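The values are calculated or read from the model by the stated rules, or taken from the named source; none is laboratory data. Please read these numbers as outputs of a predicted model, since none were measured by experiment. Glycine gets a Cβ as well: all are built from the backbone with ideal geometry, and neighbour counts include every protein chain shown. Protein only, heavy atoms only, side chains kept; ligands, DNA and RNA dropped before computing areas. Shrake-Rupley method; radii C 1.70, N 1.55, O 1.52, S 1.80 Å.
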2 protein chains.
Amino acid sequence: MSGRRHAECGTPEPGAWADTLDRVTFPVVGMVGGGQLARMTHEAGIPLGIRFKLLSDTPQDSAAQVAGEVVVGDYRDLETLRAFARGCDVITFDHEHVPTEHLRALEADGIPVRPGPDALVHAQDKGVMRARLTEIGAPCPRHRLVADPADVTAFAAEGDGFPVVLKTVRGGYDGKGVWVVRSEADAAEPFRAGVPVLAEEMVPFRRELAANIVRSPHGQAVAYPVVESRQVDGVCDTVIAPAPGLSEELSGQAQELALRIADELGVVGHLAVELFETEDGRVLVNELAMRPHNSGHWTMDGAVTSQFANHVRAVLDLPLGDPRPRAPWTVMCNVLGGDYPDMYAAYLHCMARDPQLKIHMYGKDVKPGRKVGHVNTYGDDLDAVLERARHAAGYLRGTITE
Amino acid sequence: MSGRRHAECGTPEPGAWADTLDRVTFPVVGMVGGGQLARMTHEAGIPLGIRFKLLSDTPQDSAAQVAGEVVVGDYRDLETLRAFARGCDVITFDHEHVPTEHLRALEADGIPVRPGPDALVHAQDKGVMRARLTEIGAPCPRHRLVADPADVTAFAAEGDGFPVVLKTVRGGYDGKGVWVVRSEADAAEPFRAGVPVLAEEMVPFRRELAANIVRSPHGQAVAYPVVESRQVDGVCDTVIAPAPGLSEELSGQAQELALRIADELGVVGHLAVELFETEDGRVLVNELAMRPHNSGHWTMDGAVTSQFANHVRAVLDLPLGDPRPRAPWTVMCNVLGGDYPDMYAAYLHCMARDPQLKIHMYGKDVKPGRKVGHVNTYGDDLDAVLERARHAAGYLRGTITE
């Protein structure tokens with residue numbers, strides 16, 4: 001006779017199951033790239049019971065430290081990619097560097113690639129992106145490809161003159177590959193790499209925003225609240241969700257714009273549309289990223305469903321989760337490497353000072369200026385929420401010592 | 001000249017860091033046992049940037065599927081444990097089955113074991129637990145060790161007679177190792193295993209509660225809201241946080257009791273105190289668990305800091321996180337294996353029906369009655385929150401088909 005009413009909640013003896021990987025019904029998501037985005041995607045995938053396979057450059061990469069199934073290899077090598085993809089139900093990405101022809105080869109092998117090469121090229125090549133956005137009527141800064149410094153002067157003369165923003169069409173991030181030039185003499189450097197160069201007007205913007213959406217293959221899409229993104233030295237420093245004081249009209253326009261871009265370009269997964277809010281109250285597209293994005297890290301603690309969880313659901317064509325915020329304000333501050341290498345010791349102060357603080361570290365060596373983690377705070381009072389996040393990020397970095 | 005204002009939030013090229021494991025400042029947490037509690041502890045540890053090492057019976061165990069550093073070995077073998085512990089800063093547990101003498105040997109080797117053997121024995125041996133709780137004045141059902149069926153009859157006669165609850169002092173879980181006996185003839189079976197048997201009065205209880213607390217080595221402790229735990233067939237089925245209609249007085253008593261037990265027994269980490277709320281409005285201790293516990297799974301989505309995150313913080317002696325709820329009501333329902341093995345296919349319905357649903361699957365084969373996952377729901381209206389969780393758990397199990 002069993003004691004039904006008296007039994008406790010407990011854990012079975014370990015070792016009671018030994019054939020778990022016989023499960024055939026749960027899919028395998030393969031992610032290319034071992035950075036922090038893959039690390040946080042793995043974290044978000046664990047509750048879904050899926051298998052997560054990682055293709056990482058080294059066994060020490062951020063995600064490779066914490067994932068269960070890691071293949072170490074070079075994503076630029078097609079045969080490495082092919083062998084990796086063979087055991088996966090879908091392939092997705094931590095970064096945008098996989099060559100388009102490799103993605104097409106995987107698709108030809110019958111492996112779903114999400115986002116697919118036809119979408120992803122718009123996040124890989126700023127020239128292609130600008131041309132396509134212009135075609136679909138998405139508002140962009142004035143822009144065109146330029147051939148040489150003299151052509152930059154011509155581009156400047158077509159508008160309000162210098163300064164002009166120059167970008168190599170491929171390979172830039174965090175301020176690298178981007179120059180603000182004030183004269184033709186300044187314009188020589190961007191051409192040295194031999195990569196095509198895009199000129200853009202220097203937009204007099206009020207602030208930067210990001211409209212983050214997630215779209216699935218069957219066309220379902222969810223839009224996160226539009227956020228304000230503040231940069232320091234060309235690197236994202238603070239994200240505030242939602243963007244303070246943003247009108248419902250402009251917020252709606254930005255979300256609608258991101259949804260339309262995703263639809264027109266056939267994006268699957270998370271799409272970040274980085275925007276300028278102009279001084280005359282418009283939004284212009286700055287950049288696109290087709291993967292989870294720094295401007296969406298606040299969702300890990302601030303939204304019902306995080307960008308990472310929704311990215312996984314999207315690439316698996318599962319119904320998407322609620323993107324709405326859980327608190328009136330959420331603030332994310334990046335933790336950059338500083339001169340003080342022992343961030344763990346700083347946990348004592350940060351956690352004791354703020355028991356609601358959410359720390360997210362990436363397992364990366366501390367090097368000056370490198371993004372090694374972020375913190376999230378949330379609450380009812382924006383000033384207080386901002387102060388808490390800034391204090392923690394500064395203390396971890398070592399720029400605040402008390 | 002760099003384009004500071006125009007730079008985007010982005011990800012560096014992968015492979016830019018290759019020496020990550022040289023980080024010496026972040027600690028290594030070693031967890032013994034590869035079940036779902038270890039799986040969810042790993043998930044909670046990822047954001048802290050710690051290293052998580054797992055000692056798992058097989059490479060297919062729930063946690064071993066998703067953890068980065070897995071040692072496959074038998075925790076009952078001291079040399080295996082010792083070799084595993086050598087690379088760890090602290091050892092903690094997914095289950096309570098590691099022999100006490102092994103834990104003492106690890107401590108003698110200089111490895112912190114949290115909770116330590118002197119505390120853990122109270123979660124391993126129900127006889128020791130009852131004796132100690134009685135000593136510190138914690139309210140328990142009437143109980144004593146019994147020698148044979150005739151002694152059970154004597155125990156019954158000392159109180160209100162049969163029925164009597166019999167428990168083997170070691171090895172029980174989820175209703176196993178527990179019998180409700182109605183006569184001396186019924187009482188033979190529990191003695192067959194040769195394990196000491198504890199007799200307890202059959203408590204006429206109104207419902208079961210759990211008081212979950214987390215305590216750190218330096219004595220800081222946090223108390224989660226007291227929850228109601230509903231069992232079906234001896235297995236935890238539903239947990240409601242906070243326990244509906246529980247008076248502030250009784251809730252405070254239960255929390256104070258759990259904190260006092262943790263302090264007296266020297267518990268480090270998560271302690272679950274399973275309680276009976278008696279018909280005359282008292283609480284009596286049913287069981288203790290010194291690890292994250294099924295009655296705390298709601299905290300993953302319903303509290304500021306989950307039981308898993310706080311367990312990790314406690315064993316590392318870091319300041320603890322805020323245990324308060326994020327929503328008025330959170331409900332957890334366990335997902336048990338049913339006759340329908342393809343739970344993944346059920347995601348489509350569950351996610352589409354309830355975009356706020358939180359699914360947590362453990363990567364375990366579906367076998368009838370086995371806990372293979374849980375779902376969490378939260379919101380303002382308890383009836384609606386309960387219905388959503390029950391529907392999802394039932395649909396995943398296959399007992400609800402529309």
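Return the Cα extents of the protein assembly as shown along principal axes one, two and three, sorted largest first, each rounded to a whole Å.
Principal axes ranked by extent give 104, 56, 49 Å for the Cα atoms.
Just how large is the dipole of chain B about the Cα centre, in debye to the nearest 20, putting +1 at every Lys and Arg Cβ and -1 at every Asp and Glu Cβ?
760
May I ask you to order A:35-45, B:187-197, B:50-60, B:301-311 by the average number of other C-beta atoms within 10 Å around their residues, highest value first?
A:35-45, B:301-311, B:50-60, B:187-197
Using only the alpha carbons of chain A, determine the length spanned along each of the three principal axes and report them from longest to shortest in whole angstroms.
Rounded to whole Å, the extents work out to 91, 56, 42 Å.
Can you tell me, using C-alpha contacts under 8 Å and at least 6 residues apart, the relative contact order of chain A as a whole percent?
12
Using a basic spin-label model with each label point 7 Å from the Cα along Cα→Cβ, how many nm lie between A:THR100 and B:LEU348?
Label-label distance for A:THR100 and B:LEU348, simple model: 3.4 nm.
In a GNM of chain A with a 10 Å cut-off on Cα contacts, which of A:ALA314, A:ALA154, A:ALA64 has the highest mean-square fluctuation?
Sorting by GNM fluctuation, first place goes to A:ALA154.
From the Cα trace of region B:21-113, what convex hull volume per residue do you get, rounded to a whole Å³?
With only Cα atoms used, region B:21-113 gives 86 Å³ per residue.
Taking the full set of protein chains and a 1.4 angstrom probe, give the accessible area of B:ASP380 in square angstrom, rounded to the nearest 10.
Its heavy atoms expose roughly 130 Å² to the probe.
For region A:127-187, what % of the accessible area comes from carbon and sulfur atoms, probe 1.4 Å?
Carbon and sulfur together cover 54 percent of it.
Compute the acute angle (0 to 90°) between the alpha-carbon long axis of helix B:126-135 and the principal axis of greatest extent of the alpha-carbon atoms of chain B; round to the nearest 10°.
Here the helix axis deviates by roughly 80 degrees.
In square angstrom, what is the accessible area per residue of the protein assembly as shown with a 1.4 angstrom probe?
Averaged over the residues of the protein assembly as shown, the accessible area is 34 Å².
Please report, for A:THR134, the nm distances (one decimal) from its label point, 7 Å out from Cα along the beta-carbon direction, to the equivalent points in the remaining copies, shortest first.
Label-point separations across copies, in nm and ascending: 8.7.
Compute the distance from the alpha-carbon center of region A:54-121 to that of region B:345-402, in whole Å.
About 32 Å separates the Cα centre of region A:54-121 from the one of region B:345-402.
What would the Debye equation give as log₁₀ I(q)/I(0) for region A:105-189 at q = 0.18, 0.19, 0.22, 0.24 Å⁻¹, counting only Cα atoms as equal point scatterers?
Each listed q corresponds, in turn, to -0.85, -0.92, -1.11, -1.23.
Divide the volume of the convex hull of the Cα atoms of region A:163-233 by its number of residues and quote the answer in cubic angstrom per residue.
Convex hull of Cα atoms, per residue: 133 Å³.
At a probe of 1.4 Å, how much accessible area disappears from chains A and B on forming the pair, both sides counted, to the nearest 100 Å²?
Protein heavy atoms only, the A-B interface buries about 10200 Å².
What figure, in Å² to the nearest 10, do you get for the accessible area of B:GLU79 with a 1.4 Å probe and non-protein molecules left out?
110
Enter the angle in degrees (range 0 to 90, nearest 10) between the Cα long axis of helix A:343-353 and the first principal axis of the Cα atoms of chain A, meaning the one along which they spread out most.
So the inclination is approximately 80 degrees.
Nearest 500 deg cm²/dmol is fine: what mean residue ellipticity at 222 nm does chain B get from its DSSP H runs of n ≥ 4 alone, each adding -39,500 (n - 2.57), divided by its residue count?
Taken over chain B, the calculation gives -8500 deg cm²/dmol.
Once label points are set 7 Å from the Cα along Cα→Cβ at both B:GLU387 and B:GLU248, what is their separation, rounded to one decimal in nm?
3.2
So for chain A: antiparallel DSSP bridges make up what percent, rounded to the nearest 5?
Counting DSSP beta bridges with both partners in chain A, the antiparallel share is about 80 percent.
Local charge sum around A:HIS102 (other residues, Cβ-Cβ under 9 Å, Lys/Arg +1, Asp/Glu -1)?
Around A:HIS102, the charge tally is +1.
May I ask for log10 I(q)/I(0) of region B:144-280 at q = 0.13, 0.17 Å⁻¹, from a Debye sum over the Cα atoms as equal point scatterers with solvent left out?
Once normalised to I(0) and log-transformed, intensities are -0.69, -1.02.
Over region B:267-363, with every protein chain in place, what whole percent of the accessible area is carbon and sulfur at 1.4 Å, could you tell me?
Exposed carbon and sulfur together represent 52 percent of the surface.
Per-residue mean of other chain beta-carbon atoms within 10 angstrom of the beta-carbon, peptide B:200-206?
Average neighbour count from other chains, rounded to a whole number: 1.
Tell me, in nm to one decimal, what length is gained between B:ILE136 and B:ALA83 on full extension, where the rule is 0.36 nm per residue of separation less the Cα-Cα distance?
15.3 nm
Counting other C-beta atoms within 10 Å, and keeping those with at most 16, which DSSP coil trypsin sites (Lys or Arg not before Pro) do you find in region B:73-116?
Loop-located and lightly packed - B:ARG76.
What would the Debye formula give as log10 I(q)/I(0) at q = 0.14, 0.20, 0.29 Å⁻¹ for the alpha-carbon point model of region B:142-201, no solvent?
Scattering profile of region B:142-201, log10 relative to I(0): -0.30, -0.62, -1.30.
Inter-copy label distances at B:GLU158, 7 Å along the Cα→beta-carbon direction, one decimal in nm, shortest first?
Those label-point separations list as 9.5 nm.
For the pair A:THR25 and B:ARG76, how long in nm is the line joining their label points, each one 7 Å along Cα→Cβ?
3.3
Of A:LYS367/B:LYS53; A:LYS167/A:LYS364; B:LYS126/B:LYS167; B:LYS176/B:LYS371, which sit over 19 Å apart, Cα to Cα?
With Cα atoms farther than 19 Å apart: A:LYS367/B:LYS53; A:LYS167/A:LYS364.
Using Cα-Cα distances under 8 Å and only pairs 6 or more residues apart, what relative contact order does region B:21-113 have, in percent?
This gives 31 percent for region B:21-113.
Rounded to the nearest 20 Debye, what is the dipole magnitude of the protein assembly as shown about its Cα centre when Lys and Arg each give +1 and Asp and Glu each give -1 at the C-beta?
That gives a dipole near 400 debye.
Need one value for A:358-364: mean number of C-beta atoms belonging to other chains within 10 Å of its residues' C-beta atoms.
6
Would you kindly work out, in nm and rounded to one decimal, the distances from the label point of B:ARG326 to those of the same position in each other copy, ordered shortest first, with label points 7 Å along Cα-to-Cβ?
For B:ARG326, the other copies' label points sit at 0.1 nm, shortest first.
Across bins of 5 angstrom width beginning at 0, how are the C-alpha pair distances of region A:218-363 distributed, in whole percent?
Result returned by the calculation: 2, 8, 17, 21, 20, 14, 9, 6, 3, 0.
Tell me which of A:ALA241, A:PRO323, A:GLY363 sits at the most positive position along the dipole axis of region A:205-397, charges placed on C-beta atoms (Lys, Arg +1; Asp, Glu -1).
Of the candidates, A:GLY363 comes out farthest on the positive side.
Against the 2.2 N^0.38 Å scaling, with N counting residues, where does region B:315-401 land? I'd like the Cα-based Rg ratio to two decimal places.
Working it through for region B:315-401, the quotient is 1.22.
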